[in-house]
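Student: Once you've had a glance at the structure underneath, I'll fire off some questions.
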Amino acid sequence: MATFTCITCPRGCLLEVDPEKKTVAGNLCPRGETYGLAEACHPVRVLTSTVAVRAADGAPYPEMLPVRTQTAIPKGLLSQAMDEIRAITVTLPVEMGEVIKENIAGSAVALIASRSLG
């Protein structure tokens, strides 16, 4: 049995989820059941971070580039994804939405720029 606070609406229902029986109790709306089962059986997160930047001439740039996964990735891959992100340095210019790395942590999800720089 797992306990979660539902985050799909402002009510914040306290959910009790049995992942083996695939049952949810405590939800006041159907979204709570969907969220509770997903969180207990296959938790996913959108990962946000920053990467290092170089100017077009190769000089270090004083700002970091905010990045995020294009969609949610399995929670178990977050650490591996962060290891990959720490190794990335991009060269200016970069446009918001530009793919920085395909298939981050083997998730089949792209890492994209969250804003434009340069």
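The values are calculated or read from the model by the stated rules, or taken from the named source; none is laboratory data. The structure presented is a predicted model; accordingly, all values stated were derived computationally and were not measured. For neighbour counting, all protein chains shown are included, and Cβ atoms are generated from backbone atoms with ideal geometry for every residue, glycine included.
Student: Between residues in region 54-79 that are among the acidic types (Asp, Glu) and residues that are modelled with pLDDT of 95 or more and not in a helix (DSSP H, G or I), which pairs lie under 8 Å by C-beta distance while being six or more apart or on different chains?
Tutor: GLU63/VAL53; GLU63/LEU117
Student: A follow-up question, please. Return a yes/no flag: does region 25-42 have any residue that is touching a Leu at 6+ places or on another chain (Cβ under 6 Å), of a type in the set (A, V, I, L, M, F, W, C) and buried (at least 16 other Cβ atoms within 10 Å of the Cβ).
Tutor: No, region 25-42 contains no residue that is touching a Leu at 6+ places or on another chain (Cβ under 6 Å), of a type in the set (A, V, I, L, M, F, W, C) and buried (at least 16 other Cβ atoms within 10 Å of the Cβ).
Student: So, restricting to strands (runs of 3 or more DSSP E) that lie completely within region 25-118, which ones have at least 2 residues that are within 20 Å of the chain's Cα centre (by Cα) and under 29 Å from THR8 (Cα atoms)?
Tutor: Passing ranges, in order: 48-54, 65-69, 111-113.
Student: Give ILE100, ILE88 a once-over and let me know the one that is over 21 Å from ALA38 (Cα atoms), hydrophobic (A, V, I, L, M, F, W, C) and touching a residue at least 40 places away in the same chain (Cβ under 8 Å).
Tutor: Just a single option satisfies the conditions, and that option is ILE100.
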